[in-house]
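Every read-out reported here was derived from the displayed coordinates using simple, explicitly stated rules and does not represent laboratory data. What you see is a predicted model, and the numbers here were worked out from it, not measured in a lab. Don't worry about glycine lacking a Cβ; one is built from the backbone with ideal geometry, like all the others, and counts go over all protein chains shown.
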Amino acid sequence: MLIMNLKDSIRFIFHKHRQKVEDTKKKGWNGLSVFIFSDNAHSEPIQFRINYFIIIFLSVFVFFLPLISLGIYIKRQVDKKEEIESVEMRHRLLELSMRKTQDKRKIISNIEKQLSDFHENFLFQNTELSTSISLENILKTTRSIQEKQNKKAYPSSEPHRSRYELKYLIPMKRVMGELINYRIPFTFRPIWNRITIYHITPRGWGLAGGVGHVTSLYGIRKNPMESGSEFHSGIDFAYKEGTPIIATAPGYIIRAVKLIKSGYGKHVVIHHGFGFTSLYAHCKEVTVDEGDFVERGDIIALLGKTGRTTGHHLHYEIQIGYDKPTNPLPYVKLK
């Protein structure tokens, strides 16, 4: 009996729901009756019916179609803007690559000039120590040859003369080779040191493509957050958010702070060697990790305004050893 009652209940609910759907359909198809009357009172009015489904469809078409079109237009504009920014970014990176190529060409040209000067002045740029040792070796070699020949003059016959000259020239060649091998390190060491120091020294602009402008220099300035003055330990480069920040010299990442823990906000510190370190602060995003090695021009972060700042900019510092940060401007001007 209980099962029969449950079946009847389900059947009744289903029938009631179906009847409700049918009533809704009837109401939808019933719609509105429209009468159009003419000026002639004896003529019959024109009558037609518009159901609710057509009214709903027209309402959706009239109201939602413009919204959809507006959404599509906005999306296209956003995509177009992103495409333009992407093209500008590629253009800036291309300019940066061209500048790096020009810098490398200048370095190669300087090295070639130094090598040319070395070849021209090779015999005249020696230390006193290398000269004395070389002359002593030459005199010893000559003395030993003369003792073996019992201080006799060259034999008159050509074969004996050729053998004597050969015995004399072979040790002389060996001594000159040792002399050259001894002198080359003394000659090239200053050149190599200059090339190495030039290579690891931070120089140039900290933003990709050389974009942006300087908003604050190194030294005493007006405090932008509070009243009074303060000491500014770097240079600020302002530009739009998300601009790539690049390393100004090769080195290892010794600090890559990806959380806001200080006034610097998200920042990166690079150790370049010979005591040089550079700091890039207020980043929107840090794209490197501690321990990574980067080359000059590699992207290390994106421009932002994290930490103690009033706008989007890069705070750039250079430190030598354990001294306080030095003025970065002379290094920014280096090519």
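Remark on L303: its backbone amide H falls under 5 Å from those of G242, T243, I245, K284, a criterion applied only to residues 5 or more positions apart or on other chains, H modelled at 1.01 Å from N.
Here's the picture: a label point sits 7 Å out from the Cα of V78 along the beta-carbon direction, and within the stretch 265-287 nothing has its amide nitrogen under 14 Å of it. In order along the stretch 226-241, the phi-based Karplus estimate (6.51 cos²θ - 1.76 cosθ + 1.60, θ = phi - 60°) of 3J(HN,Hα) comes to 9, 7, x, 10, 8, 8, 9, 8, x, 10, 9, 10, 9, 6, 6, 4 Hz; Gly and Pro are listed as x.
Close amide-amide hydrogen proximity is noted between K266 and H282, C283, T306, G307, each under 5 Å apart and 5 or more residues distant or on a separate chain (H modeled in the peptide plane; Pro and chain starts excluded). Seen from L279, the other residues with C-beta closer than 13 Å to its C-beta sum to a net charge of +1, counting Lys and Arg as +1 and Asp and Glu as -1. Couplings 3J(HN,Hα) of the stretch 88-103, computed from phi: 4, 5, 5, 5, 5, 5, 5, 4, 4, 4, 5, 5, 4, 5, 5, 4 Hz, in residue order, whole Hz [Karplus 6.51 cos²θ - 1.76 cosθ + 1.60, θ = phi - 60°; x for Gly and Pro]. A crude spin-label estimate for the pair L65 and S227, with each label 7 Å from Cα along the Cβ direction, gives 6.4 nm. Here the Karplus curve 6.51 cos²θ - 1.76 cosθ + 1.60, taken at θ = phi - 60°, turns the phi angles of the stretch 66-72 into couplings of x, 5, 5, 4, 5, x, 5 Hz, with x standing for Gly and Pro.
Based on alpha-carbon centroids, what's the gap between the stretch 271-324 and the stretch 68-100 in Å, whole number please? Taking the Cα centre of each part, the stretch 271-324 and the stretch 68-100 sit 26 Å apart.
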